[in-house]
1. Obtain the nm distance between the two label points defined at residue 122 and residue 206 by a simple spin-label model: each point lies 7 Å from its Cα along the Cα-to-C-beta direction.
2. What FRET efficiency, computed as 1/(1 + (r/R0)^6) with R0 = 35 Å and r the Cβ-Cβ distance, is obtained for residue 160 and residue 111, rounded to the nearest 0.05?
3. Starting from 0.36 nm per residue, how many nanometres of slack lie between residue 221 and residue 278 once their C-alpha separation is accounted for?
4. Rank-order 270-279, 138-147 by packing density, defined as the average count of other C-beta atoms within 10 Å over each peptide's residues, highest first.
5. Rounded to two decimals, what is Rg over Rh for segment 191-286 when you use alpha-carbon atoms and the Kirkwood radius?
6. Hey, for a label at residue 264 modelled as a point 7 Å past Cα toward Cβ, could you say which residues of segment 208-249 have their backbone N under 12 Å away?
7. Would you mind giving the three semi-axes, in whole Å and largest first, of the ellipsoid equivalent to segment 160-222 according to its Cα gyration tensor?
8. Multiply the residue gap between residue 138 and residue 199 by 0.36 nm, knock off their C-alpha separation, and tell me the result in nm, one decimal place.
């Protein structure tokens, strides 16, 4: 049997069952066996070739099983259409990843529909969204009692919280530090709807994901729990370079140093990060 005929037979067999695969591969084994024995009697026996044929058959079957969930191009599908399918699948995976990260953040941070100062004195709302920047603050979809807040109401709230940032106590230290978020609820009636907070969170995480891929070329090949930790740090810190030892221990795959680097002094988030850390396969570390 010629190689082209063998290929056609195998392709035909994928559509018509396993019996033909057995016949095609047996014939291939017999043909190879006769050819090799004529040229060199010390070549592998028919039994050995038959064993090799079985391995090939099993490999084809594994490939079929693996490909079952992979979208296959239809007849006449263009390269651009196939590329679009790849992009759509990638976007679906990204959306699922962002959704998972968002759910974790909701558990560790809790949504705050009102404005508050975090323990560092930053104007904050939603799920740890920093709003010190005036443009960012005023671009939010603020509401008061279910209606859209006016520009003057938004301006008033921003000016109030910037003044709170500047206030000092009797010792000359910033007055509003280490207060709970709920303490600041009384200072302004401005609120964010749950839909607005969720949209804001997803947009933020989407930008963080792009940043992670840009700065860490190997990001997509890393274990999923590790990618979640990295994305959380981008969301929390803005840049993982700000966390001492994070990048160096990640690059060197130093397990002990990386475990130390992911501790931020934020109890809930540290607990979550350690849970993810413990799920990273041991084979990843040096």
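Throughout, read-outs are computed from the coordinates displayed, never taken from laboratory work. On a predicted model such as this, the values are computed, not experimentally measured, just so you know. No Cβ is skipped: glycine too gets one built from the backbone with ideal geometry, and neighbour counts run over all protein chains shown.
1. The answer from the label model is 2.2 nm.
2. Details: r = 22 Å, r/R0 = 0.62.
That gives a FRET efficiency of 0.95.
3. Residue separation times 0.36 nm, minus the Cα-Cα distance, leaves 18.7 nm.
4. In descending order of packing, they fall as 270-279, 138-147.
5. Numbers: Rg = 13.9 Å, Rh = 14.1 Å.
Ratio value, two decimals: 0.99.
6. 229-244
7. 35, 19, 9
8. Values: separation 61, 0.36 × 61 = 21.96 nm, distance 1.61 nm.
Between residue 138 and residue 199, full extension yields 20.3 nm more.
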